[in-house]
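These notes are about the structure you will find just below.
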Amino acid sequence: MRRTPLILRLALLSVAALAPLAVRAQLAIPYGAAIPTETARKAAAAALAEGKKNGWTVAVAVVDPGGVLVYFERHDGTQNASSEVSQAKARSAATFKRPTKAFEEALAGPAGTAPPVGRLAILGLPGAIPLDGGLPIVVDGKIVGAIGVSGATSAQDGQCAKAGVEALGK
């Protein structure tokens, strides 16, 4: 039987301890069946529309619960790196069952501290992307996938991802 290294266990515990209560609650949400392509397309369309409405060129990726790409689209002129980053944000949100903003906040530390005093251990978590813009997609109480947006500022990416998730509730 292979044992998890102590440093990795401690890093994972520190992430859970630093995450806001709403984020920690998501850890209990089980995985469900993979998001259907049409549903993924609907979420991506809403995220892209939010970006366009605000003049942001973004890339949007939707993955299944295992982090496998289901749908991808980007605005013309979006920086090339955003294609990969959007997919990484989506994978991170799906596999860690939490918004990627939780990692960003844990890394930055408490607001108002100068210099920021965060948990650098976050950087050692494989696949954890400490940038806003990745959100799990929950349907009927189960994580069916996640959306990742990249191309604008971190907060703007998060705004687009939120629009994508909210479009599924309509």
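The values are calculated or read from the model by the stated rules, or taken from the named source; none is laboratory data. As the structure is a computational prediction, the values presented were derived from the model and not from experiment. Note that each Cβ is placed from the backbone with ideal geometry, even for glycine, and that neighbours are counted across all protein chains shown.
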Name the single residue, out of those in segment 146-170 being at pLDDT 95 or above and assigned to a loop (DSSP other than H, G, I, E, B), that is nearest to Val70 (Cα to Cα).
Leu168
Scan segment 29-44 residue by residue and report those that are touching a Gly at 6+ places or on another chain (Cβ under 8 Å) and under 15 Å from Val149 (Cβ atoms).
Ala40, Ala43, Ala44
Can you find a residue in segment 72-93 that is hydroxyl-bearing (Ser, Thr, Tyr) and part of a loop (DSSP other than H, G, I, E, B)?
yes
Which residues, counting only those in segment 28-71, are assigned to a helix (DSSP H, G or I), within 19 Å of Thr95 (Cα to Cα) and charged (D, E, K, R)?
none
Check on Ala102, surrounded by 13 or more Cβ atoms within 10 Å (Cβ to Cβ) and either of a type in the set (Gly, Ala, Ser) or within 10 Å of Ile147 (Cα to Cα) (or both):
yes
Looking at segment 155-170, I want the residues that are closer than 17 Å to Leu131 by Cα and have a partner that is of a type in the set (D, E, K, R) and not in a helix (DSSP H, G or I) with Cβ atoms under 6 Å, at least 6 apart or on another chain. Which pairs are those?
Ala155/Asp132; Asp157/Asp132; Gly158/Asp132
Of (1) modelled with pLDDT of 95 or more; (2) not in a strand (DSSP E or B), Ile143 fails just (2)
In the list Glu104, Glu50, Glu73, which residue meets the criterion of being at pLDDT below 95, charged (D, E, K, R) and touching a helix residue (DSSP H, G or I) at 6+ places or on another chain (Cβ under 7 Å)?
Glu104
